[in-house]
Amino acid sequence: MYLFFLVLEFFLNRILNRFWIFVPATPATHTLFVGIQWVGFISMLALYVYSFLLLGHWGRRALPLTAAALILTAVDLASYVGIYINLLWLLPLFFSLFFRDKLNLAFGVYYAARGAVDSALGGPGLYAWVFDLAWALLPLLGGITIRKWAVLAAAAALAVVAASPYYMGMVLVFGLGLTAPLFFPLAVFTALSSKSRYSLFPLLVGPQVQLSVHYLVLAVGMGYVVRGELKR
Amino acid sequence: MRRPEVLFPGIALAVAVVLAALGIVVVTAQESAVLVKFINGSLPVDPASSLWPKPADVPLTGQTLVYPLAPAVENRAVSVAAVYNGTHIAFMLMWKDATQDVAMPGGLDVFPDAVAVQFPVSRAQLPYICMGTVDNPVNIIYWRAGVGVENLVAGAGYGLSPQQREALGLQATPTSPVELLPDSAQVVQAYAVYKDGAWYVVLVRPLGSVHPLMSSLADDFSAAFATWDGSKGERGGLKVTSGWVQFRLEKRITAAPQPTTVTATQTPATTVTQTYVVETTPAWAWAVIGVLVALLAVVAGLALRRR
């Protein structure tokens with residue numbers, strides 16, 4: 001269910017919410033749009049609560065992780081009172097040191113590097129494509145098994161992106177520039193073919209984190225997968 | 001006792017519904033923001049001034065709406081720096097352009113190099129990136145080499161009655177989706193330099209709004225950018241554009257006069273947007289509630305583990 005909330009948040013809060021600019025406005029489509037916004041919004045908040053429920057449920061052994069998540073979240077929320085200290089990008093890296101796995105470490109380093117560059121330089125600018133390509137290829141580190149539906153899903157993503165990279169760039173909301181949507185079909189293929197189920201979390205979050213709850217999900221998702229809770 | 005995989009989603013959903021109903025957002029945006037530096041004094045108009053902070057590179061993408069299409073993989077960007085004081089805000093925009101294309105009086109054979117900055121008029125929801133929509137317009141500053149700078153509005157025209165349009169100082173019937181704001185709102189100044197294969201354009205405007213269809217930038221805001229390379233035949237819709245970029249105003253170091261927000265006409269700004277954000281709790285409370293909810297969720301998870 002944890003992943004399901006992330007899927008809902010991805011499709012409703014980010015994809016369909018933006019896609020709606022292309023849908024003709026009628027009373028019916030407007031009602032549907034309001035529904036999409038509300039369910040997407042609730043999914044986002046549910047992910048926040050669910051993440052901390054899981055951390056509490058992991059007990060005393062996860063105390064350093066819980067403390068780190070609480071402190072970094074509190075520091076991040078301080079932006080609502082005008083104090084801007086963004087360190088939440090350290091969270092997946094910290095968790096990856098606890099739930100040691102090649103893919104966890106790789107994505108922990110990736111999001112820490114991306115977060116540091118975004119915080120220090122306001123983004124990687126023209127080198128965003130390097131990060132976007134790394135994001136698309138990292139799932140290969142978890143080992144790969146070619147699956148027919150992964151190929152089909154990647155082909156479908158490719159068809160949509162090829163039809164209009166510009167529109168997909170707007171709809172996917174994976175950050176600025178074209179390279180994120182261009183690498184999206186590759187990311188779909190590698191994430192769905194990866195032997196590690198954790199690769200689904202970065203796929204749904206995207207190469208550039210949009211919301212604080214995404215850092216929480218990327219971090220807690222590592223434990224969720226390593227502890228086998230995704231398979232239940 | 002039900003298993004956590006049933007109970008946890010239920011608890012998470014119930015708490016989320018309550019938070020959503022109360023309008024409490026315990027999640028923050030993580031998009032990188034360009035810091036608008038506060039200056040206690042006059043704003044720089046010289047692009048080479050040391051007062052400008054380090055500019056941020058904003059990638060620009062060739063549009064694919066108007067034929068002939070620009071190459072989609074073209075690597076272009078605009079560097080953006082911004083400063084503000086108590087009354088005005090200034091943007092320094094730098095982009096590379098191998099040729100200096102300047103419009104001449106009466107000349108028809110030159111498409112001028114140009115740059116535009118687009119702001120949402122409403123703070124409720126980001127407008128459609130391609131120059132807004134009827135119910136969510138955008139305010140655009142448009143500078144063209146040899147022509148000058150204009151303060152425009154896009155998207156609003158067809159959503160207003162002739163009476164509303166006249167009250168706003170616009171023509172009774174719109175002739176274009178992009179319209180010039182009335183003279184009273186032509187308050188933007190531009191200073192441009194072409195040097196070493198690059199344009200440096202400084203745009204200065206009031207921090208607040210002087211017209212209901214002009215954006216106020218007195219608080220954190222979003223902006224999008226576009227440039228035109230005249231030598232490539234770029235004009236009108238043929239351009240390269242960015243996505244929305246967040247701007248965060250640096251805290252004021254000393255007391256400064258408050259920006260003046262003038263609503264010049266009788267027609268309220270609410271006539272041009274149908275989207276509202278209703279804040280039922282102040283934003284500072286979200287931080288406190290966010291930490292409390294997280295703590296309670298941890299305790300609940302722990303308690304359910306012990307059972």
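The values are calculated or read from the model by the stated rules, or taken from the named source; none is laboratory data. These numbers were taken from a predicted model, which means no experiment stands behind them. Note: ideal-geometry Cβ built from the backbone for every residue, glycine included; neighbour counts use all protein chains shown.
Could you check the stretch A:65-92 and list, in sequence order, the residues that are within 22 Å of residue A:110 (Cβ to Cβ) and assigned to a helix (DSSP H, G or I)?
Within the stretch A:65-92, A:65, A:68, A:69, A:72, A:73, A:75, A:76, A:88, A:89, A:90, A:91, A:92 meet the criteria.
Condition (residue is surrounded by 14 or more Cβ atoms within 10 Å (Cβ to Cβ) and either part of a loop (DSSP other than H, G, I, E, B) or among the acidic types (Asp, Glu) (or both)) applied to the stretch A:140-163: is it met by at least one residue?
Keep residues of the stretch A:140-163 that are surrounded by 14 or more Cβ atoms within 10 Å (Cβ to Cβ), which gives A:140-142, A:144, A:150-151, A:153-154, A:157-158, A:160-161.
Narrowing further to those that are either part of a loop (DSSP other than H, G, I, E, B) or among the acidic types (Asp, Glu) (or both): none.
Scanning the stretch A:140-163 turns up no residue that is surrounded by 14 or more Cβ atoms within 10 Å (Cβ to Cβ) and either part of a loop (DSSP other than H, G, I, E, B) or among the acidic types (Asp, Glu) (or both).
Considering every residue within the stretch A:10-23, establish whether at least one is under 19 Å from the mean Cα position of the chain (by Cα), within 8 Å of another protein chain (Cβ to nearest Cβ) and within 16 Å of residue B:12 (Cβ to Cβ). Before you say what the answer is, go through the steps one by one.
At the first step, the residues of the stretch A:10-23 found to be under 19 Å from the mean Cα position of the chain (by Cα) are A:10-19.
Okay, now just the ones that are also within 8 Å of another protein chain (Cβ to nearest Cβ), so none.
No, the conditions are met nowhere in the stretch A:10-23.
Answer with yes or no whether residue A:222 is at pLDDT below 85, crowded, with 19+ Cβ neighbours inside 10 Å and assigned to a helix (DSSP H, G or I). First the steps, then the outcome.
Numbers: at pLDDT below 85: no; crowded, with 19+ Cβ neighbours inside 10 Å: yes; assigned to a helix (DSSP H, G or I): yes.
Judged against the criteria, residue A:222 is not a match.
Can you name the residue in the stretch A:60-84 that is modelled with pLDDT of 95 or more and in contact with a Phe, Trp or Tyr (Cβ under 9 Å, 6 or more places away or on another chain) and, of all such residues, is surrounded by the fewest Cβ atoms within 10 Å (Cβ to Cβ)?
Filtering the stretch A:60-84 for residues that are modelled with pLDDT of 95 or more and in contact with a Phe, Trp or Tyr (Cβ under 9 Å, 6 or more places away or on another chain), the one surrounded by the fewest Cβ atoms within 10 Å (Cβ to Cβ) comes out as A:64.
Can you pull out the residues in the stretch B:125-150 that are touching a helix residue (DSSP H, G or I) at 6+ places or on another chain (Cβ under 8 Å), in contact (Cβ under 8 Å) with a residue 40 or more places away in the chain and surrounded by fewer than 22 Cβ atoms within 10 Å (Cβ to Cβ)? Lay out the reasoning, then the answer.
Initially, the stretch B:125-150 is screened for residues touching a helix residue (DSSP H, G or I) at 6+ places or on another chain (Cβ under 8 Å), giving B:128-129, B:133-135, B:137, B:145.
Filter again for in contact (Cβ under 8 Å) with a residue 40 or more places away in the chain, leaving B:129, B:135, B:137, B:145.
The answer is B:129, B:135.
When you scan the stretch B:29-45, do you find a residue that is out of contact with any Ser or Thr (no Cβ under 9 Å at 6 or more places or on another chain) and at pLDDT below 85, even just one?
Yes, that holds for at least one residue.
Does the stretch B:133-167 hold any residues that are over 30 Å from residue B:229 (Cβ atoms) and over 23 Å from the mean Cα position of the chain (by Cα), and which are they? Walk me through it before giving the result.
The first filter runs over the stretch B:133-167 and keeps only residues over 30 Å from residue B:229 (Cβ atoms), leaving B:134-135, B:158-167.
B:161, B:162, B:163, B:164, B:165, B:166, B:167, listed by residue number.
Filter the stretch A:55-86 for residues that are among the small types (Gly, Ala, Ser) and over 22 Å from residue B:247 (Cα atoms); which is farthest from the other protein chains (Cβ to nearest Cβ)? Let's see the steps before the verdict.
Initial filter on the stretch A:55-86 (among the small types (Gly, Ala, Ser)): A:56, A:59, A:62, A:67-69, A:74, A:78-79, A:82.
Imposing the further condition that a residue be over 22 Å from residue B:247 (Cα atoms) reduces the set to A:56, A:59, A:62, A:67-69, A:74.
Working: A:56: 2, A:59: 6, A:62: 10, A:67: 10, A:68: 12, A:69: 8, A:74: 5 Å.
The selected residue is A:68.
Only one of (1) under 18 Å from the mean Cα position of the chain (by Cα); (2) surrounded by 17 or more Cβ atoms within 10 Å (Cβ to Cβ); (3) not aromatic (Phe, Trp, Tyr) is not met by residue A:87, so which one is it?
(2)
Taking the residues in the stretch B:84-139 that are aromatic (Phe, Trp, Tyr) and closer than 21 Å to residue B:219 by Cα as candidates, determine which candidate is nearest to the other protein chains (Cβ to nearest Cβ).
Taking the stretch B:84-139 first, the residues aromatic (Phe, Trp, Tyr) are B:84, B:91, B:95, B:111, B:119, B:128.
Next, only the ones that are closer than 21 Å to residue B:219 by Cα stay: B:84, B:91, B:119, B:128.
Working: B:84: 16, B:91: 14, B:119: 17, B:128: 5 Å.
Residue satisfying both the conditions and the ranking: B:128.
If we keep just the residues of the stretch B:14-23 that are buried (at least 20 other Cβ atoms within 10 Å of the Cβ) and touching a residue at least 12 places away in the same chain (Cβ under 8 Å), which is nearest to residue A:86 (Cα to Cα)?
B:19
Quick check: anything in the stretch B:232-247 modelled with pLDDT of 90 or more and assigned by TED's automatic domain parsing to the domain that holds residue B:108? Talk me through it step by step, then tell me what you get.
Pass one, the stretch B:232-247, residues modelled with pLDDT of 90 or more: B:247.
After this cut, where a residue has to be assigned by TED's automatic domain parsing to the domain that holds residue B:108 as well, the list is B:247.
Within the stretch B:232-247, one or more residues are modelled with pLDDT of 90 or more and assigned by TED's automatic domain parsing to the domain that holds residue B:108.
State which residue is farthest from residue B:28 (Cα to Cα) when the search covers only the stretch A:89-127 and only residues that are modelled with pLDDT of 95 or more and within 11 Å of chain B (Cβ to nearest Cβ).
Taking the candidates together, the pick is A:111.
Any idea how many residues of the stretch B:108-154 are part of a loop (DSSP other than H, G, I, E, B) and either outside the structural domain of residue B:170 (by TED's automatic domain parsing) or under 25 Å from residue B:196 (Cα atoms) (or both)? Before you say what the answer is, go through the steps one by one.
Of all residues in the stretch B:108-154, those part of a loop (DSSP other than H, G, I, E, B) come to B:108-113, B:121-132, B:134-135, B:137, B:145-147.
Of the ones still in play, those that are also either outside the structural domain of residue B:170 (by TED's automatic domain parsing) or under 25 Å from residue B:196 (Cα atoms) (or both) are B:109-113, B:145-147.
Qualifying residue count for the region: 8.
Go through (1) assigned to a helix (DSSP H, G or I); (2) buried (at least 17 other Cβ atoms within 10 Å of the Cβ); (3) touching a residue at least 24 places away in the same chain (Cβ under 8 Å); (4) among the small types (Gly, Ala, Ser) and name the single condition residue A:123 misses.
The one condition residue A:123 does not meet is (1).
When you look at residue A:84, is it among the aromatic types (Phe, Trp, Tyr) and over 23 Å from residue A:196 (Cβ atoms), yes or no?
Details: among the aromatic types (Phe, Trp, Tyr): yes; over 23 Å from residue A:196 (Cβ atoms): yes.
Criteria met by residue A:84.
Which of the residues spanning the stretch B:212-231 are of a type in the set (Phe, Trp, Tyr) and more than 22 Å from residue B:37 (Cα to Cα)?
Our first condition is that a residue be of a type in the set (Phe, Trp, Tyr); within the stretch B:212-231, this holds for B:221, B:225, B:228.
Listed by number, the list holds a single entry, B:228.
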